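Below you'll find the structure, written out as structure tokens, and then a few comments.
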Amino acid sequence: MTKPVVYAGSFDPITNGHADIIRRAARVFGAVRVVVFNSPCKRPLFTVQERMDLIRQNTADIPGVSVDSFGGLLVDYLEQNGLNVVVRGVRGPADAEAEAAYAHANRLLNPDIEIVWLPADPSLCFVSSSAVRESFSYGRELPGYVSEQTARALRAKIAAVSSSRHTKGPETK
Ligand code: COA
């Protein structure tokens with residue numbers, strides 16, 4: 001059986017940029033394990049389970065995709081699962097600089113790890129999950145940044161978050 005390449009991230013939520021990297025990685029490597037990392041430093045909009053469900057929905061037509069989650073270091077996930085190849089999407093020079101540091105740190109932790117970069121499609125170079133979250137939270141949608149399934153989930157989540165804020169009433173000191 002082909003060992004999957006790992007595509008790790010927050011995916012809060014999965015965008016068309018992420019889906020493009022997954023599709024192309026599946027073509028190159030045969031199998032992709034998309035891993036949702038739950039970082040204690042981030043306050044995500046979607047739960048890990050919701051992010052995993054959205055990834056499954058957005059990649060249902062791509063053969064060889066599996067979805068997992070982890071809380072901890074990337075190297076620990078790789079070692080625990082007997083995997084050592086990671087794919088990263090690079091949108092431009094800023095990503096390349098950050099990715100060089102990320103690859104260096106991970107290879108210091110485990111020199112058997114290989115991190116492979118795929119250049120983002122030029123039409124998706126400005127896509128980011130935080131831009132999506134921000135625009136949807138103000139009722140505006142960035143065309144082409146997310147799939148219709150993700151857009152639906154965003155609308156529902158933002159409506160739920162804002163109605164729970166309203167029912168709580170005004171903040172008191
Ligand atoms: N298309 C669109 N957007 C992309 C993208 C692509 N191809 N590639 C990255 N992005 C965006 C994401 O949407 C996200 O946008 P946002 O910041 O505006 O929300 C941003 O790039 C960063 O992605 P994110 O997944 O949140 O973080 P990351 O790429 O910096 O890495 C982990 C996340 C989980 C892979 C990384 O933090 C990790 O390995 N964590 C585990 C702990 C660890 O091992 N740390 C390293 C120690 S050496």
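The values are calculated or read from the model by the stated rules, or taken from the named source; none is laboratory data. If you're wondering where the values come from, they're calculated on a predicted model, not measured in any experiment. With ideal geometry, Cβ positions are generated from the backbone for all residues, glycine too; neighbour counts draw on all protein chains shown.
From P44, P111, grab the single residue that is out of contact with any strand residue (DSSP E or B) (no Cβ under 6 Å at 6 or more places or on another chain), closer than 24 Å to Q149 by Cβ and either in a helix (DSSP H, G or I) or more than 8 Å from the ligand (Cβ to nearest atom) (or both).
On the way: P111 fails: closer than 24 Å to Q149 by Cβ.
After ruling out the rest, the residue left standing is P44.
For the condition under 13 Å from V5 (Cβ atoms) and buried (at least 19 other Cβ atoms within 10 Å of the Cβ), what is the one hit in V65, V28? Break it down into steps so the answer makes sense when it comes.
Numbers: V28 fails: buried (at least 19 other Cβ atoms within 10 Å of the Cβ).
Of V65, V28, the one residue that is under 13 Å from V5 (Cβ atoms) and buried (at least 19 other Cβ atoms within 10 Å of the Cβ) is V65.
Go through segment 69-91 and give me each residue that's near the ligand (Cβ under 8 Å from one of its atoms), under 15 Å from F37 (Cα atoms) and assigned to a loop (DSSP other than H, G, I, E, B).
Those that are near the ligand (Cβ under 8 Å from one of its atoms), under 15 Å from F37 (Cα atoms) and assigned to a loop (DSSP other than H, G, I, E, B): G72, L73.
Quick one: which residue in I21, I113, I14 is buried (at least 19 other Cβ atoms within 10 Å of the Cβ) and either over 20 Å from K3 (Cα atoms) or free of Cβ contacts under 8 Å to residues at least 24 places away in the same chain (or both)?
Numbers: I21 fails: either over 20 Å from K3 (Cα atoms) or free of Cβ contacts under 8 Å to residues at least 24 places away in the same chain (or both); I113 fails: either over 20 Å from K3 (Cα atoms) or free of Cβ contacts under 8 Å to residues at least 24 places away in the same chain (or both).
From the options I21, I113, I14, the qualifying one is I14.
All but one of (1) in contact (Cβ under 8 Å) with a residue 40 or more places away in the chain; (2) within 18 Å of the chain's Cα centre (by Cα); (3) more than 13 Å from Y7 (Cβ to Cβ) hold for A98; state the number of the condition that does not hold.
A98 satisfies all of (1) in contact (Cβ under 8 Å) with a residue 40 or more places away in the chain; (2) within 18 Å of the chain's Cα centre (by Cα); (3) more than 13 Å from Y7 (Cβ to Cβ) except (1).
Just to be sure I understand, how many residues within segment 116-155 are in contact (Cβ under 8 Å) with a residue 60 or more places away in the chain, farther than 13 Å from V90 by Cα and of a type outside the set (S, T, Y)?
Result for segment 116-155: 7.
Modelled with pLDDT of 95 or more, surrounded by 12 or more Cβ atoms within 10 Å (Cβ to Cβ) and either in contact with a Pro (Cβ under 6 Å, 6 or more places away or on another chain) or in a helix (DSSP H, G or I) (or both): which single residue out of A96, A101 fits that description? Walk me through it before giving the result.
Values: A101 fails: surrounded by 12 or more Cβ atoms within 10 Å (Cβ to Cβ).
Exactly one of A96, A101 is modelled with pLDDT of 95 or more, surrounded by 12 or more Cβ atoms within 10 Å (Cβ to Cβ) and either in contact with a Pro (Cβ under 6 Å, 6 or more places away or on another chain) or in a helix (DSSP H, G or I) (or both), namely A96.
Is it the case, given these coordinates, that S163 is free of Cβ contacts under 8 Å to residues at least 40 places away in the same chain, more than 8 Å from the ligand (Cβ to nearest atom), under 19 Å from H18 (Cα atoms) and hydroxyl-bearing (S, T, Y)?
No; evaluated as a whole, the condition is false for this residue.
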